[in-house]
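Can you keep this structure in mind? I'll have questions shortly.
The values are calculated or read from the model by the stated rules, or taken from the named source; none is laboratory data. In this text, all values refer to a predicted model and were calculated from it rather than measured experimentally. When we count neighbours, we look across all protein chains shown, and the Cβ atoms used for this are built from the backbone with ideal geometry, even at glycine.
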Amino acid sequence: MQITPYIHALKTPLGPDPGRFVYVYLIYGDGITVIDTGFNGTEKLITGYIRSTGRDPSEIRLIILTHAHPDHTGSAKALRDLTGCTIAAHPLDAPSIEHPDPMLLKPPAPGMQSLVGGGVPVGRPLEEGAVIDCGNGLVLDVLSTPGHTPGSISLFLKKEMALFTGDTVQAPGRAPIYTDPVALVRSLRRFAAIPGIRHYLPSHDEPAQGKETYQRFDESLAYIRRIHALIKEAAAAAPGTPDPLALAGRLSAELELSGVPGHHVAFIARSIEADLAAQGLDERLGE
């Protein structure tokens, strides 16, 4: 769907469950800039959509990966092989993009293809303060927004007052996945301090506009606060050293994450482990 004259959003599936999706964003400037690429195979949806709008996939000049997870990087190699475009990402996540976990290169289940089409070189490192000229007066400012992963980035297109957040905003009802909850809260508060955002463009949540954008940030902070409280309560009730994997099952039930795939429990356990190890999270959440 078209968000503005320059921004297009493509909702791509994550497996057979229609409730699981990831957004790929396209910026139409002099060429085309792609923000995230979905799982391996999504390149067919991306190129088909581009053609349906009267443009050509050969116009793809740059792919920006907000972080290294396979639902964002999976078809980057295929698109690069097709177009010769440059891949851009933060240096902290670049190693996992260039050399993905071998397990991601194997089909996760019978009848499914691998999650990632292969490693791809990051030709343009992106850190805080970097500026990307997409042409037609479209300039993306790169924001370092760690927490979900160490090298997570977000992008702000000032001409459209549009914020692309990747997975930094943890939407209520979805599995909480983060490596550093303190950094994550700091990143969310940074978003909330940006005035005049017109378009909120996340990966696993629906886009929003205007005031609703800031409500999403507040809801995400409240979600993290609730998760933290539940983890503290469960850890206090558990005898001995808390087992993050055992707590993950309890947390999933408390949050009613019935639609979350079973393998996400391991990711939730890592988030719990990060929460238990965090220093100063209570203070940061209380600000």
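From the residues in the stretch 188-207 that are under 27 Å from GLY286 (Cβ atoms) and part of a strand (DSSP E or B), which one is farthest from the chain's Cα centre (by Cα)?
Looking at the filtered set, the residue picked out is TYR200.
A further question on this structure: Can you confirm whether ARG226 is of a type in the set (D, E, K, R), more than 19 Å from SER152 (Cβ to Cβ) and part of a helix (DSSP H, G or I)?
When the stated conditions are applied, ARG226 passes them.
On to the next question. Might you let me know whether the stretch 17-32 holds any residue that is in contact (Cβ under 8 Å) with a residue 60 or more places away in the chain and at positive phi?
no
Only one residue in PRO239, PRO244 is without any contact (Cβ under 8 Å) to a residue 40 or more places away in the chain and exposed (fewer than 13 other Cβ atoms within 10 Å of the Cβ). Which one?
Working: PRO244 fails: exposed (fewer than 13 other Cβ atoms within 10 Å of the Cβ).
Unique residue meeting the criteria: PRO239.
Now for a different question. Being touching a residue at least 24 places away in the same chain (Cβ under 8 Å) and in contact with a Gly (Cβ under 7 Å, 6 or more places away or on another chain) is true for just one of GLU43, GLU59. Which residue is that?
Just one listed residue meets the conditions, GLU59.
I'm trying to understand the selection: among the residues of the stretch 20-39, which are under 16 Å from the mean Cα position of the chain (by Cα) and of a type outside the set (Ser, Thr, Tyr)? Quick ask: steps written out before the conclusion?
First, pick out the residues of the stretch 20-39 that are under 16 Å from the mean Cα position of the chain (by Cα): 20-26, 34-39.
Matches in the stretch 20-39: ARG20, PHE21, VAL22, VAL24, LEU26, VAL34, ILE35, ASP36, GLY38, PHE39.
Each row is one residue, and each column tells you yes or no for (1) modelled with pLDDT of 95 or more; (2) buried (at least 24 other Cβ atoms within 10 Å of the Cβ); (3) closer than 24 Å to GLN170 by Cβ; (4) in contact with a Ser or Thr (Cβ under 6 Å, 6 or more places away or on another chain).
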site: ILE7; (1), (2), (3), (4): yes, no, yes, no
site: THR12; (1), (2), (3), (4): yes, no, yes, yes
site: PRO18; (1), (2), (3), (4): no, no, yes, no
site: ILE35; (1), (2), (3), (4): yes, yes, yes, no
site: THR47; (1), (2), (3), (4): yes, no, no, no
site: SER52; (1), (2), (3), (4): yes, no, no, no
site: ALA68; (1), (2), (3), (4): yes, yes, yes, yes
site: SER96; (1), (2), (3), (4): yes, no, yes, no
site: LEU105; (1), (2), (3), (4): no, no, no, yes
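So which of PHE191, PHE164 is of a type in the set (Phe, Trp, Tyr), over 30 Å from PRO244 (Cα atoms) and in contact (Cβ under 8 Å) with a residue 12 or more places away in the chain? First the steps, then the outcome.
Numbers: PHE191 fails: over 30 Å from PRO244 (Cα atoms).
That would be PHE164, the only listed residue that is of a type in the set (Phe, Trp, Tyr), over 30 Å from PRO244 (Cα atoms) and in contact (Cβ under 8 Å) with a residue 12 or more places away in the chain.
Follow-up. Here is a list: ARG225, ARG284, ARG270. Which entry is surrounded by fewer than 18 Cβ atoms within 10 Å (Cβ to Cβ) and either among the polar types (S, T, N, Q) or more than 19 Å from the chain's Cα centre (by Cα) (or both)? Quick ask: steps written out before the conclusion?
Working: ARG284 fails: surrounded by fewer than 18 Cβ atoms within 10 Å (Cβ to Cβ); ARG270 fails: either among the polar types (S, T, N, Q) or more than 19 Å from the chain's Cα centre (by Cα) (or both).
When all the criteria are applied, what remains is ARG225.
Taking ASP81 as meeting all but one of (1) touching a Leu at 6+ places or on another chain (Cβ under 8 Å); (2) more than 24 Å from ALA175 (Cα to Cα); (3) free of Cβ contacts under 8 Å to residues at least 60 places away in the same chain, write down the number of the exception.
If we test ASP81 against (1) touching a Leu at 6+ places or on another chain (Cβ under 8 Å); (2) more than 24 Å from ALA175 (Cα to Cα); (3) free of Cβ contacts under 8 Å to residues at least 60 places away in the same chain, just (1) comes out false.
While we're here: Pick from VAL169, VAL185: which is in a loop (DSSP other than H, G, I, E, B), crowded, with 22+ Cβ neighbours inside 10 Å and either modelled with pLDDT under 95 or among the aliphatic types (A, V, I, L, M) (or both)?
VAL169
Just the residues that are in contact with a Phe, Trp or Tyr (Cβ under 9 Å, 6 or more places away or on another chain) and among the acidic types (Asp, Glu), please, taken from the stretch 156-207.
GLU160, ASP167, ASP205, GLU206
Among the residues that make up the stretch 100-120, is at least one of them under 30 Å from ILE224 (Cα atoms), of a type in the set (D, E, K, R) and either in a loop (DSSP other than H, G, I, E, B) or in contact with a strand residue (DSSP E or B) (Cβ under 8 Å, 6 or more places away or on another chain) (or both)?
yes
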